[in-house]
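The values are calculated or read from the model by the stated rules, or taken from the named source; none is laboratory data. Everything numeric here is computed off the predicted structure, so don't read it as measured data. Glycine gets a Cβ as well: all are built from the backbone with ideal geometry, and neighbour counts include every protein chain shown.
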Amino acid sequence: MSALPKDRVSGILLHPTSLPGPYGIGDLGEQAYRFVDWLAEAGQRLWQVLPLGPTGYGDSPYQCFSAFAGNPLLIDVEDLVKRGYLDLEDLAVPVFPVERVDYGRVIRWKNDILDLAYARFGQWPAPAAFESFTRDQAFWLDDFALFMALKREHGGRAWTEWPPPLRDREPQALQAARARLADEIQKLKFRQWLFFEQWHRLKQYANRLRVRIIGDIPIYVAADSADAWANRPLFYFDEKGRSIVVAGVPPDYFSPTGQLWGNPIYRWDRMAEDGFSWWIQRIRANLALYDIIRIDHFRGFYNFWAVPGDATTAIHGRWVDGPRERFFDAVIEAIGELPLIAEDLGEPDPGVYELRDHYGFPGMKVLQFAWSTDGHDPFLPHNYDKNCVVYTGTHDNDTTRGWYEKASEKERDYVRRYLRVSGHDIAWDMIRLAMMSPANMAIIPLQDVMDLGGEARMNTPATASGNWTWRFTARQLTEGAKVGLRELCDLYGRLYTPPEKRIPSPHALA
């Protein structure tokens with residue numbers, strides 16, 4: 001298991017869907033390997049991605065159909081030609097936009113291609129690697145494949161709208177469905193096998209180049225997910241599977257009415273009865289995918305905002321205690337050391353920070369949040385300790401240039417005076433600030449490296465459409481940016497140097 005970095009390091013935040021290529025969406029193919037090469041040459045030792053699960057509502061990686069499965073849209077189709085599952089002429093590609101993902105068109109095209117590959121796969125005996133994968137991952141894969149097959153059979157409707165015997169997982173109804181949908185279930189397992197094989201190969205390549213992957217675990221699962229359907233007793237559901245209370249956050253920086261996420265809330269009391277086994281399986285599975293995991297909405301383990309299930313905003317929720325030390329003690333006892341980053345943003349609460357610090361988890365600092373108060377602001381770098389991760393911005397923020405152009409004059413003036421700059425190169429000014437900060441880890445969204453404006457924003461919280469579509473083109477990954485990043489890593493001690501080659505200061509005390 002990979003531990004958190006002990007040295008000063010930096011990296012790039014980029015979701016694979018944003019990679020370039022001719023197939024309408026970034027994937028795990030050639031361009032992903034080129035990006036890893038670029039990271040290594042730029043002195044970057046971390047690649048942070050968003051959740052890699054199969055996306056549902058709004059194409060959001062934070063609303064996935066499974067907390068364990070991979071997104072088939074990321075499968076590299078050129079690899080399927082090499083495997084003999086497709087012919088080169090099968091890859092006749094429609095004209096897709098190059099700077100955004102048109103999810104509707106991509107999903108239709110990719111599903112057809114993967115169906116064609118499965119038809120070829122089914123002509124031969126299944127390889128041992130496939131059989132081993134389905135056996136080893138059966139604890140989540142069987143329920144997921146059945147869930148997705150049933151969802152397709154019912155026109156994409158949520159599981160709460162299925163006939164009661166299927167909704168309620170009556171054994172006879174499930175047995176009949178498995179027989180009726182056997183081929184569809186096998187096809188879905190085939191797609192998962194392809195995804196995981198390709199992802200693990202890419203991760204191994206990155207690790208060989210000293211690039212570690214940071215993955216993202218949203219604390220909650222989607223209401224319409226295999227996890228919720230297969231584990232109903234672990235959530236606050238009524239007898240028809242509807243959420244009694246749902247997740248969100250109170251009014252904050254992003255929304256005056258709060259954020260109503262709508263995810264079902266865990267019955268932590270029931271999870272504790274078997275030692276949080278579902279969560280332990282989930283974290284163990286993610287540690288097989290990533291070197292480091294970031295828990296999105298870490299505060300939910302301390303206390304969480306519970307909103308009535310029929311509410312239309314998050315205003316009228318209440319804080320409820322989470323599982324706190326009981327949870328992390330159980331996970332650490334089962335798994336061992338946790339290479340975990342705690343996303344501790346939002347409304348401050350000393351108890352959240354005490355829980356984080358009790359286990360030595362690094363928290364997050366976002367430079368865009370630092371300029372609205374004074375020199376005591378906790379997001380200003382002179383107030384950091386080493387055990388944190390600094391970001392210029394996250395996937396939920398505007399790009400740094402976009403943020404600066406929309407910020408108040410008070411904030412812009414504070415930035416300019418703090419950095420002693422004109423503001424004309426604000427993205428790279430903030431990158432430099434992150435790199436020089438005391439934080440052990442510095443993560444920069446690729447959009448900031450490319451000095452892009454608000455048109456390249458990945459997500460705007462509390463909006464239901466138009467998100468998650470940004471892509472870059474190969475020519476934007478420039479030599480100049482690579483050299484610039486490597487220079488900053490060298491200047492501020494984030495460039496990898498073997499311990500035996502590090503030069504001691506002549507001024508160090510004997």
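Tabulated values for the structure
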read-out	value
Qualifying residue in segment 97-105 (condition: out of contact with any strand residue (DSSP E or B) (no Cβ under 8 Å at 6 or more places or on another chain), loosely packed, with under 13 Cβ neighbours inside 10 Å, of a type in the set (A, V, I, L, M, F, W, C) and over 17 Å from Phe195 (Cβ atoms))	no
Scope segment 383-404; condition farther than 17 Å from Pro461 by Cβ, out of contact with any helix residue (DSSP H, G or I) (no Cβ under 7 Å at 6 or more places or on another chain) and not aromatic (Phe, Trp, Tyr); matching residues	Asn383, Asp385, Lys386, Asn387, Cys388, Val389
In segment 287-301, residue surrounded by the most Cβ atoms within 10 Å (Cβ to Cβ) [restricted to those that are more than 15 Å from Met364 (Cα to Cα) and hydrophobic (A, V, I, L, M, F, W, C)]	Phe301
Conditions (1) within 22 Å of Ala206 (Cα to Cα); (2) out of contact with any Asp or Glu (no Cβ under 9 Å at 6 or more places or on another chain); (3) touching a residue at least 40 places away in the same chain (Cβ under 8 Å); (4) of a type outside the set (Ser, Thr, Tyr): number failed by Leu50	(2)
Among (1) at positive phi; (2) buried (at least 20 other Cβ atoms within 10 Å of the Cβ) - the single one Gly360 does not satisfy	(2)
Test: Thr134 is touching a Gly at 6+ places or on another chain (Cβ under 8 Å), hydroxyl-bearing (Ser, Thr, Tyr) and over 25 Å from Leu88 (Cα atoms)	no
Among residues of segment 55-66, those that are more than 12 Å from Thr17 (Cα to Cα) and in contact with a strand residue (DSSP E or B) (Cβ under 8 Å, 6 or more places away or on another chain), counted	5
Options Asp112, Asp142: the member that is of a type in the set (Asp, Glu), under 24 Å from the mean Cα position of the chain (by Cα) and part of a helix (DSSP H, G or I)	Asp142
Within segment 417-440, tally of residues that are closer than 25 Å to Lys482 by Cα and over 32 Å from the mean Cα position of the chain (by Cα)	3
Residue list for segment 417-440, filter: surrounded by fewer than 17 Cβ atoms within 10 Å (Cβ to Cβ), free of Cβ contacts under 8 Å to residues at least 24 places away in the same chain and in a helix (DSSP H, G or I)	Arg417, Leu419
Residue match in segment 194-209 (condition: in contact (Cβ under 8 Å) with a residue 40 or more places away in the chain, in a helix (DSSP H, G or I), touching a strand residue (DSSP E or B) at 6+ places or on another chain (Cβ under 7 Å) and buried (at least 20 other Cβ atoms within 10 Å of the Cβ))	yes
Checking Val483 against (1) β-branched (Val, Ile, Thr); (2) at pLDDT 95 or above; (3) assigned to a loop (DSSP other than H, G, I, E, B), the condition it does not meet	(3)
Enumeration of residues in segment 340-357 that are modelled with pLDDT under 95 and either surrounded by 15 or more Cβ atoms within 10 Å (Cβ to Cβ) or of a type in the set (Ser, Thr, Tyr) (or both)	Leu345, Gly346
Subset of segment 220-235 [touching a residue at least 40 places away in the same chain (Cβ under 8 Å) and either more than 19 Å from Arg299 (Cβ to Cβ) or surrounded by fewer than 20 Cβ atoms within 10 Å (Cβ to Cβ) (or both)]	Ala222, Ala223, Asp224, Ser225, Ala226, Asp227, Ala228, Trp229, Ala230, Asn231, Arg232, Leu234
Scan of segment 354-390 for residues that are assigned to a loop (DSSP other than H, G, I, E, B), within 23 Å of the chain's Cα centre (by Cα) and closer than 20 Å to Asp413 by Cβ, ordered by number	Phe379
So Arg178, is it of a type in the set (D, E, K, R), in contact (Cβ under 8 Å) with a residue 12 or more places away in the chain and touching a Gly at 6+ places or on another chain (Cβ under 9 Å)	no
Single unsatisfied condition, Ala129 versus (1) buried (at least 18 other Cβ atoms within 10 Å of the Cβ); (2) touching a residue at least 40 places away in the same chain (Cβ under 8 Å); (3) among the aliphatic types (A, V, I, L, M)	(1)
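Conditions (1) among the small types (Gly, Ala, Ser); (2) under 23 Å from the mean Cα position of the chain (by Cα); (3) part of a helix (DSSP H, G or I), marked per residue:
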| residue | (1), (2), (3) |
| --- | --- |
| Ala442 | yes, yes, no |
| Gln447 | no, yes, yes |
| Asp451 | no, yes, no |
| Met458 | no, yes, no |
| Ser465 | yes, yes, no |
| Asp490 | no, no, yes |
| Arg494 | no, no, no |
| Glu500 | no, no, yes |
| His507 | no, no, no |
